[in-house]
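Novice: Submitted below is the structure of interest, expressed as structure tokens.
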Amino acid sequence: MKKLVFILILTCFGLAGFTTKVKHEFYVSVTDIYVDAQKAQINGVVKCFPDDWERAMNALLSHQLERYVQLDSATQDSLHRVYLKKHFNVKVGQQPIALTFSGTVTGPDEVYLLFEGPMEMPFEAYKKDWNVSHTLLADIYPSQENIVILHYSGQKYTSSCREGNNYEFNHSF
Amino acid sequence: MFYVELGLRHILDIQGYDHMLFLIALTLPLTFKEWKQVIWWVTAFTLGHSLTLGLAATDIIVVESNWVEFGISLTIFLTAAFHLMRNFSLSKAGPYLSLVFGGVHGLGFGSYYSFIAQNDSFWWAWLPFNIGIELGQIFIVVVLLFVYSISQKIGVQLQMLRSLITGVVLTLSTLMILERIPNELF
């Protein structure tokens, strides 16, 4: 019994130096991509947390004295455009979709980044060979996971881009 | 299938090891011989967890995250202390303890789940997400029981091993409690 108590005391002292800061923080974004046959357009929205997004934008401005929140909305949007173009790429049948940033909507707990691109192939061609590469915020948070929901002709497919799959996935409907 | 995998990764995330610590505390009195109890206890945890996760994600229950985190660390401490006081004997209260405390842990996932499931069908994703969590929990518990079983076979006294693990769990949960005491209490 004395031995047991001794071991317990030793263990407790050992653990006292161990951090208990459990980082159950989740770095996540959700992106919807729609194939809109009526508008002959690929469009969608990226949703992320405002504080994560602000941190990414401030990182872009690191060589300047300005902070993201001090910028006017047009300048903020141009930053969004640059960032999204660099971190979000979609191909269908090896052909890149020329997605362009089309606006921002800011909610109390979310930032929505809207995007759109031309549908340059027949609607049926978008049924297969999707390749989505999405490294949004992964430059800031290595554990970032970007969930992507593809919508095509009433069908839906959900997957994610994360470190485990090199922030990329392929899918055919 | 995506949400099953997400739930699985969620529970096995080593950065959020407080849920694992709770499972370690919960299964202290169990061995493979009590496999029926193992299933009951883990399923009760998942039921409590799934219920409050859904309620928190739909804002039916709103609890500040600092209180939830504090509550989670308390459940770990209380579960380990409960088993220690009973000298690791099986208790009929086990599944109820698991159900209620599982409810506290479920509150911790509410905001995350509501964010990810807004765009998808909320309840359609809820079931597979929780199935993933259940599978992850069963995996952790099976590994634990396997360690107990191996330890017994190589001559380690189970009671001593349990005491040692309880010491570790109580120490870590005490530190967590101290770190997470909500400012409102002062």
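Novice: Do you know which residues across the range B:1-17 are assigned to a helix (DSSP H, G or I), modelled with pLDDT under 85 and open to solvent by less than 40 Å² (accessible area, probe 1.4 Å)?
Specialist: The answer is B:10, B:11, B:16.
Novice: Here is a further query. Of all the residues that make up the range A:97-140, how many are within 14 Å of residue A:48 (Cβ to Cβ) and assigned to a strand (DSSP E or B)?
Specialist: Total satisfying the criteria: 10.
Novice: Being within 19 Å of the chain's Cα centre (by Cα) and open to solvent by 20 Å² or more (accessible area, probe 1.4 Å) is true for just one of A:90, A:105, A:111. Which residue is that?
Specialist: A:105
Novice: OK, next. Between a first residue in the range B:54-73 that is free of Cβ contacts under 8 Å to residues at least 40 places away in the same chain and a second residue that is in a helix (DSSP H, G or I), which pairs have beta carbons less than 6 Å apart while being 6 or more apart in sequence or on different chains?
Specialist: B:71/B:104
Novice: If you check B:77, B:82, which single one turns out to be within 14 Å of another protein chain (Cβ to nearest Cβ), of a type in the set (A, V, I, L, M, F, W, C), in a helix (DSSP H, G or I) and open to solvent by 50 Å² or more (accessible area, probe 1.4 Å)?
Specialist: Working: B:82 fails: within 14 Å of another protein chain (Cβ to nearest Cβ).
Testing whether each residue is within 14 Å of another protein chain (Cβ to nearest Cβ), of a type in the set (A, V, I, L, M, F, W, C), in a helix (DSSP H, G or I) and open to solvent by 50 Å² or more (accessible area, probe 1.4 Å) leaves just B:77.
Novice: Right, something else. Scan A:94, A:155, A:70 and give me the residue that is closer than 16 Å to residue A:55 by Cβ and free of Cβ contacts under 8 Å to residues at least 60 places away in the same chain.
Specialist: Values: A:94 fails: closer than 16 Å to residue A:55 by Cβ; A:155 fails: closer than 16 Å to residue A:55 by Cβ.
Among A:94, A:155, A:70, only A:70 is closer than 16 Å to residue A:55 by Cβ and free of Cβ contacts under 8 Å to residues at least 60 places away in the same chain.
Novice: Right, next: Evaluate the range A:130-145: report whether one residue or more is of a type in the set (Gly, Ala, Ser) and farther than 24 Å from residue A:79 by Cβ.
Specialist: To start, the set of residues in the range A:130-145 that are of a type in the set (Gly, Ala, Ser) comprises A:133, A:138, A:143.
So of that shortlist, the ones also farther than 24 Å from residue A:79 by Cβ come out as none.
Within the range A:130-145, none of the residues are of a type in the set (Gly, Ala, Ser) and farther than 24 Å from residue A:79 by Cβ.
Novice: In the range B:30-73, how many residues are in a helix (DSSP H, G or I) and surrounded by fewer than 16 Cβ atoms within 10 Å (Cβ to Cβ)?
Specialist: Residues of the range B:30-73 that are in a helix (DSSP H, G or I), as a first pass: B:32-57, B:65-73.
Remaining after also requiring surrounded by fewer than 16 Cβ atoms within 10 Å (Cβ to Cβ): B:32-33, B:35-36, B:39-40, B:65-67.
Residues that pass the stated criteria total 9.
Novice: Hey, any hits in the range A:144-152 for a residue that's away from chain B (no Cβ under 12 Å), among the hydrophobic types (A, V, I, L, M, F, W, C) and either within 22 Å of residue B:117 (Cβ to Cβ) or in contact with a strand residue (DSSP E or B) (Cβ under 6 Å, 6 or more places away or on another chain) (or both)?
Specialist: No: zero hits.
Novice: For residue A:59, state whether it is within 17 Å of the chain's Cα centre (by Cα) and within 30 Å of residue A:130 (Cβ to Cβ).
Specialist: So residue A:59 fits the description; yes.
Novice: Separate question: With (1) open to solvent by 80 Å² or more (accessible area, probe 1.4 Å); (2) in contact with a Cys (Cβ under 9 Å, 6 or more places away or on another chain) as the list, and residue A:67 as the residue in question, which single condition is left unmet?
Specialist: Failing condition for residue A:67: (2).
Novice: Which residue is farthest from the other protein chains (Cβ to nearest Cβ), if the candidates are limited to the range B:132-177 and must be within 13 Å of residue B:23 (Cα to Cα) and free of Cβ contacts under 8 Å to residues at least 40 places away in the same chain?
Specialist: Per the criteria, the residue is B:142.
Novice: Could you list, in sequence order, all residues of the range A:37-67 that are hydrophobic (A, V, I, L, M, F, W, C) and touching a residue at least 24 places away in the same chain (Cβ under 8 Å)?
Specialist: A:37, A:40, A:42, A:45, A:46, A:48, A:49, A:53, A:56, A:57, A:59
Novice: Here are A:148, A:82: which of them is open to solvent by less than 50 Å² (accessible area, probe 1.4 Å) and of a type in the set (A, V, I, L, M)?
Specialist: The unique qualifying residue is A:148.
Novice: What's the number of the condition residue B:36 fails, among (1) more than 26 Å from residue B:153 (Cβ to Cβ); (2) free of Cβ contacts under 8 Å to residues at least 40 places away in the same chain; (3) of a type in the set (D, E, K, R)?
Specialist: The failed condition is (1).
Novice: If you don't mind, another one. What's the number of the only condition in (1) under 17 Å from residue A:149 (Cβ atoms); (2) more than 18 Å from the chain's Cα centre (by Cα); (3) not acidic (Asp, Glu) that residue A:38 fails to meet?
Specialist: (1)
The values are calculated or read from the model by the stated rules, or taken from the named source; none is laboratory data. Everything quoted here is computed from the prediction, not taken from an experiment. Ideal geometry is used to build each Cβ from the backbone, glycine not excepted, and the neighbour counts take in all protein chains shown. Side chains included, ligands, DNA and RNA excluded: accessible areas come from the protein's heavy atoms. Shrake-Rupley method; radii C 1.70, N 1.55, O 1.52, S 1.80 Å.
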